[in-house]
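Below you'll find the structure, written out as structure tokens, and then a few comments.
The values are calculated or read from the model by the stated rules, or taken from the named source; none is laboratory data. All of these numbers come straight from a predicted model, not from anything done at the bench. Every residue, glycine among them, receives a Cβ derived from its backbone with ideal geometry; neighbour counts consider all protein chains shown.
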Amino acid sequence: MVNAQTVTCALTKKRVPLDEASPIEIIRPGILELIKKKYPKFPETGYIARSAMRPYREEYIKQMLAAEQGELSKLDKEVVKSLVHHETISKNVDKQFDRKATVGEHVADKVAEFGGSWRFIGVFALILAVWIGVNSYILLARPFDPYPFILLNLILSCLAAIQAPVIMMSQNRKEAKDRMRAENDYKVNLKAELEIRILHEKIDNLIQHQWSRLMEIQQLQLDMMEEGYAGRAKTRRQKKKK
């Protein structure tokens with residue numbers, strides 16, 4: 001069944017490289033139980049290709065999550081898929097989000113950034129001072145916007161009406177970015193937790209398997225010792241009879 005480089009997969013009956021297969025004895029009991037539900041005559045020993053075992057690992061992890069969280073969300077399924085296929089799940093959210101932004105969204109970000117700064121307050125205060133000064137002192141005879149500065153009030157109202165929705169658009173984008181970042185953090189943390197749990201299960205299974213093998217070896221040694229004692233005792237009895 002086994003040669004120097006390849007083994008036969010007990011599931012697909014195909015030859016696969018030895019480094020791409022796992023012994024059946026060290027497969028987690030939960031995964032092995034899922035395989036035996038579909039293949040009742042699945043052997044207890046041998047090898048199974050990791051690619052053939054992948055769907056059962058995915059189903060096992062889904063059942064484990066569902067038992068704790070109930071119905072799985074789309075994010076949970078993405079984490080399980082990346083875990084089974086050994087894919088990287090962490091992403092640079094900022095670059096990905098900025099790459100999808102339109103020209104209008106970039107403009108909204110710049111307007112919100114400038115509108116929420118001391119520079120904007122200083123420039124705006126300077127414009128107001130110049131406007132009032134021009135209409136109150138320089139153009140005292142024929143001001144284009146005499147007191148109480150109705151045109152200035154109209155411009156300020158229009159500016160506030162335009163600036164408010166632009167800043168809200170920028171805030172909505174930041175909220176969406178924060179939501180993407182939170183989802184990415186959740187997927188990374190969940191994958192890490194599942195990997196640690198699966199690693200613990202695998203180590204426990206390996207320890208249990210090695211312990212069973214050690215017990216078998218110890219029992220064989222005891223049997224050999226008993227056979228040796230029995231043989232020597234028989235030899236001594238035969239010598240006494242002679």
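When you check Ser73 against the structure, is it more than 30 Å from Cys9 (Cβ to Cβ), modelled with pLDDT under 85 and either hydroxyl-bearing (Ser, Thr, Tyr) or in contact with a Leu (Cβ under 6 Å, 6 or more places away or on another chain) (or both), yes or no? Spelling it out, Ser73 is indeed more than 30 Å from Cys9 (Cβ to Cβ), modelled with pLDDT under 85 and either hydroxyl-bearing (Ser, Thr, Tyr) or in contact with a Leu (Cβ under 6 Å, 6 or more places away or on another chain) (or both). Of all residues in region 72-106, count the ones that are in a loop (DSSP other than H, G, I, E, B), in contact (Cβ under 8 Å) with a residue 24 or more places away in the chain and within 30 Å of Pro55 (Cβ to Cβ). Summing the residues that are in a loop (DSSP other than H, G, I, E, B), in contact (Cβ under 8 Å) with a residue 24 or more places away in the chain and within 30 Å of Pro55 (Cβ to Cβ) in region 72-106 gives 4. For region 139-155, a residue qualifies if it is surrounded by 13 or more Cβ atoms within 10 Å (Cβ to Cβ) and either of a type in the set (Lys, Arg) or more than 60 Å from the chain's Cα centre (by Cα) (or both), and the qualifying residues are Leu139, Pro143, Asp145, Pro146.
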